[in-house]
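Just below is one structure, and these are the notes that go with it.
Derivation of every value follows stated rules applied to the coordinates shown; laboratory data play no part. This one's a predicted model, so the numbers in the text were calculated from it and none came from an experiment. Cβ sites come from the backbone with ideal geometry, for glycine too, and all protein chains shown count toward neighbours.
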Ligand code: CP
Ligand code: NVA
């Protein structure tokens, strides 16, 4: 059977995506009720290749493997042969001989596709310049836990048409909700990703009017990893795009606010927004653990009957 990878949300069917969200909620509830007694990954190893910084992703994957009875291996280009030019495909073949599953955080999405093409072990995208699908599993899980089915709801993305925005667009397709993307001119999401989503995703310019009646509002940093030198010009270009409590007041009464974190208070969000009762960002961050457990379980074992 061909190895299944998770490079974007579209690598799963909509049905599989919904299964993963429900399974993640169930795994979380069992952990709360019984502690880490479910250990399906005894003697299994996850290799984690990080070419960019991380707090949440590293801790959640490593803890997921530990709680499931397996092991996680942190690999950085600074101290592996990847940083000295060993070809990606060769590394993929070597790791396939030793580990059960691989997680990669890197710059080029093409690079992770190249790795996956040569890997016998399932490969998980833990963020590329183009996508961050693991974050969306945790985000949709959080939205579902707080508000029930997301189908037919309306989310608003405010800010850069970046990797997180692209994954929100794919999530709108997979989970069948409406998405309004509000961005300054020149910062739109990629046209092919947008076009493939059809009418359920629309582009807007004015955040205050775009949030009217929204069920969920979300944003991200204005300068992503690798764009540090554009920080000042982006701060100027994104003036007026800060998400604030008064902006959320225009949305639905029970609107939820999400942010993948890390956040820059005073830039893309107001100083106090994360303390607002409408923000669910700590639960969202914690859900990375449960969502990725469900994902690893699915890629290694398939669907699990409960
Ligand atoms: N949200 C997220 O991926 O956080 P880290 O960069 O800390 O992993
Ligand atoms: N867009 C951000 C997300 C960080 C989790 C980045 O790529 O840096």
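Which values of log₁₀ I(q)/I(0), to two decimal places, follow from the Debye formula for region 256-299 at q = 0.33 Å⁻¹ with a uniform point scatterer at every Cα? The calculated log intensity ratios at q = 0.33 Å⁻¹ are -1.16.
Principal-axis analysis of the Cα atoms of the chain puts helix 56-67 at an angle of about 40° to the longest axis.
The calculated Kirkwood hydrodynamic radius for region 135-211 is 12.5 Å, given to one decimal from all distinct C-alpha pairs. Taking each DSSP H run with n ≥ 4 as -39500 (n - 2.57) and averaging over every residue of the chain yields -12500 deg cm²/dmol at 222 nm.
Grouping the Cα pair distances of region 99-153 into 5 Å bins from zero gives a pair-distance distribution of 4, 18, 21, 17, 13, 11, 11, 4, 0 percent in increasing distance order.
Rounded to the nearest whole angstrom, the semi-axes of the ellipsoid equivalent to the chain, taken from the Cα gyration tensor as √(5λ), stand at 31, 23, 17, largest first.
Distance between the C-alpha centres of region 224-300 and region 97-122: 27 Å, rounded to the whole angstrom.
For the residues 208, 65, 103, a GNM of the chain with alpha-carbon springs under 10 Å puts the largest fluctuation on 208. Taking the C-alpha atoms only, the angle from helix 133-147 to the longest principal axis of the chain is near 60 degrees. Inter-part distance, region 33-89 to region 155-191, computed on C-alpha centroids, equals 29 Å. Annotation: peptides 169-182, 250-263, ranked by per-residue average of other Cβ atoms within 10 Å with the highest first, follow the order 169-182, 250-263.
For region 135-284, taking Cα atoms only, Rg and Dmax work out to 14.0, 41 Å respectively. Once the convex hull of all Cα atoms in region 206-300 is built, its volume per residue stands at 119 Å³. Ordering 213-219, 138-144, 33-39 by mean Cβ neighbour count within 10 Å, with the highest value first, yields 138-144, 213-219, 33-39. Against the longest alpha carbon principal axis of the chain, how many degrees, from 0 to 90 and to the nearest 10, is the axis of helix 163-175 turned? The angle comes out near 90 degrees.
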